[in-house]
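K.L.:
This structure is in structure tokens; I'll ask about it shortly.
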Amino acid sequence: MSENTRSATPMSRQIAEHHSLLDRTLALPRPILVMLSVLLVGFAMSQIAIGYLVISGQLDGKWYDIRDLGNAMISLDGVIQNSEMDSRIASTLAYLIPTLAGATGIVSIVGGWLLIGPWVERRLIAKFQIRQGPNRTGPFGLLQTLADALKLMQKEIIIPSGADRFLYFVPPVAVFIPAILGWAPIPWSPKMSYADLDVGVLFVIAISSLGVLAVFMAGWASNNHYSLLGAMRTIAMMISYEIPISVSLLAVVLLTGSTKLSEIVLWQSEHGVWLVMLIPFAALAFLFASTAEINRTPNDIGEAESEIVAGFYTEYSGMKAGLFMGVELANAILVGALMSTFFLGGYTMFGLETWIPGYLILATKIGLVYFLFVWIRATLPRFRLDQLMGFAWKFLIPVSIALMFLTAIESSILVRWDVPNFLSLGLIGLVNITSAAGLTFVWLRVLFRDTDLSTPPAPILTREMGGLQAAKVLRG
Amino acid sequence: MDSPGIVIGFYMMAGLALGSGTLVFLARNLLHALAFLVISFLSMAGLFLTLSADFIAMAQILIYAGSISVLMVFAVMLTPLASRDNGNTIYVLPGLLAAGGIATFVGFLALDTSWSGPATDFTTTIDLIGNLLLGKYVLAFEIASVLLLFALIGAIMLVQTSSSDQEEGEADD
């Protein structure tokens, strides 16, 4: 370390003494290193063997083909149908087993994420803010969430006097219904989807509109003006941002010609393109509107801590408040899954899905979109309520609708025009990007034609109070 | 109605719809009645699903459970506190009469229809509905959309304060 590098604070000393993972691995004792390298070689050889099996096609459709867990269910179905059981029992079993298996899978995704999600989020935000995050409870602080949950469960549940007792207990559970139901139509692999509905896109929109009611019930039943105010703000925001979501999903449906989520993914994989490249504005509108829909920063108006305590769940205590906080995380990965399915190619990755299980690809994409959410949360400040509503009604909705009409024209040309895909799709992408940028520029000019943006006016309060001069006078 | 799953689903949804529908008018608190109404809407959507009407089921959730109920919530919120109970009023008699009339009508219709059509596999209805809406019934569809557009513009006109009004208001202050 050179002379002029100062390690004055414990923090910078810690950073200076921090070794990378590679350094720490190489510093391990010799026998462990040998064992690790043997394991590595074994792993590589098993991968080569699996690769041979995949290329030779011996694996396709067998029940142990874990690239698609649907294979196991289909062969189990075949076993049940061929067995000498009563047909009623057989059909019941054939109905019951996949249903329960899929439901268990979805609930364990959501439940497992609720156990580790808060730790992931806190650690990530800590990295963004150059601090450590929870690292005391268990290895790397992994048990922090468990400790938090135990603490929350021990807390006394305080029910405000005058609360509507019936409606007070429903919302913490009811908010989880959309967060769990929304997973149903998402395809994880070609045969691996809980309910591949023909009306999948409509199902997604319908389910997301149910969350409003739980929020309202929570705000109303608390018998507190702040709760009701928070609920009203949230409802206004959620209703407003449902429209950009619907319009951007309409653009997706127009291009792919299907409301089935698996067919939307197949369209993207057949054309070798992600929809985010073709309709970037719709993807951005979906992403931004989803952050409003699920109450995440920069749009967490509903529970803006610095303005209205905790929004609609001010009066909830203990694990009930914990459930409201947890549903935000569950919704975040659900939106990640929807975003990846609609705009990022779902479980496909330009042919990689024949090698790697599709669900792992989708999980990686969910993780990346979730990381984007955390990134946004760590860097952007919160919008004011009127700014947020103005952004939806004055900017997102008009521009989205105009671009949706453009997409409709393009998609009708696409099905009639017989040219190679890369030409037509490239042209569509180019036209959409330029028109989105141009339209944004022109529309913002129209909206802010009376505003001189070069010299922003001082905030009213500062102007009226006299700003820094007044502060000096007050201090004497 | 072969698979036991459909049978179980039908009885669950029908029971839920009837039970919550009964509770809608038994509940004394108007907001409780609203919550039960939402449950009854959702179970009606489930009933539509057992009848292979997937688009109608989704529209039921989207429009009734998601939007109409929020509209009702706002309507209840904006009424004075005194009228927020769900008690008996003089409207109970015409209400009962109308409900009985509709039930009789639907009952006769159900008894008169022959239900012995062959059970077919589930096919999606969304293509069919889309083709009919933009083909045979395009005029009705367009009239409905123009009506909705008028309603939207009318709502904006109602709540908008013109710029001259605003200036007068500021002058008064």
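K.L.:
Output the residues belonging to the stretch B:131-145 that are more than 21 Å from the chain's Cα centre (by Cα) and either under 20 Å from B:Ala59 (Cα atoms) or not in a helix (DSSP H, G or I) (or both).
P.N.:
Our first condition is that a residue be more than 21 Å from the chain's Cα centre (by Cα); within the stretch B:131-145, this holds for B:131-132, B:134-139, B:142.
Correct list: B:Asn131, B:Leu132, B:Leu134, B:Gly135, B:Lys136, B:Tyr137, B:Val138, B:Glu142.
K.L.:
Continuing with the same structure: What single numbered condition from (1) closer than 30 Å to A:Ser412 by Cβ; (2) of a type in the set (A, V, I, L, M); (3) within 13 Å of chain B (Cβ to nearest Cβ); (4) over 22 Å from the mean Cα position of the chain (by Cα) fails to hold for A:Leu255?
P.N.:
Going through (1) closer than 30 Å to A:Ser412 by Cβ; (2) of a type in the set (A, V, I, L, M); (3) within 13 Å of chain B (Cβ to nearest Cβ); (4) over 22 Å from the mean Cα position of the chain (by Cα) one by one, A:Leu255 breaks only (3).
Residues checked against (1) under 30 Å from A:Thr234 (Cα atoms); (2) surrounded by 14 or more Cβ atoms within 10 Å (Cβ to Cβ); (3) within 16 Å of the chain's Cα centre (by Cα):
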| residue | (1), (2), (3) |
| --- | --- |
| B:Leu18 | no, no, yes |
| B:Gly21 | yes, yes, yes |
| B:Ala35 | yes, yes, yes |
| B:Ser43 | yes, yes, yes |
| B:Val73 | yes, yes, yes |
| B:Ile90 | no, no, no |
| B:Pro94 | no, no, no |
| B:Thr113 | no, no, no |
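K.L.:
Take A:Leu249 and tell me if it is more than 8 Å from chain B (Cβ to nearest Cβ), open to solvent by less than 10 Å² (accessible area, probe 1.4 Å) and touching a strand residue (DSSP E or B) at 6+ places or on another chain (Cβ under 6 Å).
P.N.:
Details: more than 8 Å from chain B (Cβ to nearest Cβ): yes; open to solvent by less than 10 Å² (accessible area, probe 1.4 Å): yes; touching a strand residue (DSSP E or B) at 6+ places or on another chain (Cβ under 6 Å): no.
No, not satisfied.
K.L.:
In the stretch A:155-179, how many are within 11 Å of chain B (Cβ to nearest Cβ) and among the aromatic types (Phe, Trp, Tyr)?
P.N.:
Of all residues in the stretch A:155-179, those within 11 Å of chain B (Cβ to nearest Cβ) come to A:164-167, A:170-171, A:174, A:177-178.
Pick out the ones that are also among the aromatic types (Phe, Trp, Tyr) and you get A:166.
Qualifying residue count, the stretch A:155-179: 1.
K.L.:
Still on this structure, please answer the following. Quick one: in the stretch A:219-234, of everything that is surrounded by fewer than 22 Cβ atoms within 10 Å (Cβ to Cβ) and in a helix (DSSP H, G or I), which residue is farthest from the other protein chains (Cβ to nearest Cβ)?
P.N.:
Let us first name the residues in the stretch A:219-234 that are surrounded by fewer than 22 Cβ atoms within 10 Å (Cβ to Cβ), namely A:223-226, A:228-229, A:232.
Subsequent filtering for residues that are in a helix (DSSP H, G or I) retains A:225-226, A:228-229, A:232.
Values: A:His225: 13, A:Tyr226: 16, A:Leu228: 8, A:Leu229: 12, A:Met232: 8 Å.
Among those residues, the one meeting the criterion is A:Tyr226.
K.L.:
Go through the stretch B:1-71 and tell me which helices (runs of 4 or more DSSP H), entirely inside it, have 3 or more residues that are within 11 Å of another protein chain (Cβ to nearest Cβ) and touching a residue at least 60 places away in the same chain (Cβ under 8 Å).
P.N.:
B:54-59
K.L.:
Take A:Arg88 and decide whether it is over 30 Å from A:Ala378 (Cβ atoms), of a type in the set (Lys, Arg) and either open to solvent by 100 Å² or more (accessible area, probe 1.4 Å) or at pLDDT 80 or above (or both). Reasoning before the result, please.
P.N.:
On the way: over 30 Å from A:Ala378 (Cβ atoms): yes; of a type in the set (Lys, Arg): yes; either open to solvent by 100 Å² or more (accessible area, probe 1.4 Å) or at pLDDT 80 or above (or both): yes.
The answer is yes for A:Arg88.
The values are calculated or read from the model by the stated rules, or taken from the named source; none is laboratory data. What you see is a predicted model; the values in this text were computed from it and never measured. So basically every Cβ, Gly included, is an ideal-geometry build from the backbone, and we count neighbours across all protein chains shown. Quick note on the areas: whole protein, heavy atoms, side chains included, nothing else; ligands and nucleic acids left out. Shrake-Rupley method; radii C 1.70, N 1.55, O 1.52, S 1.80 Å.
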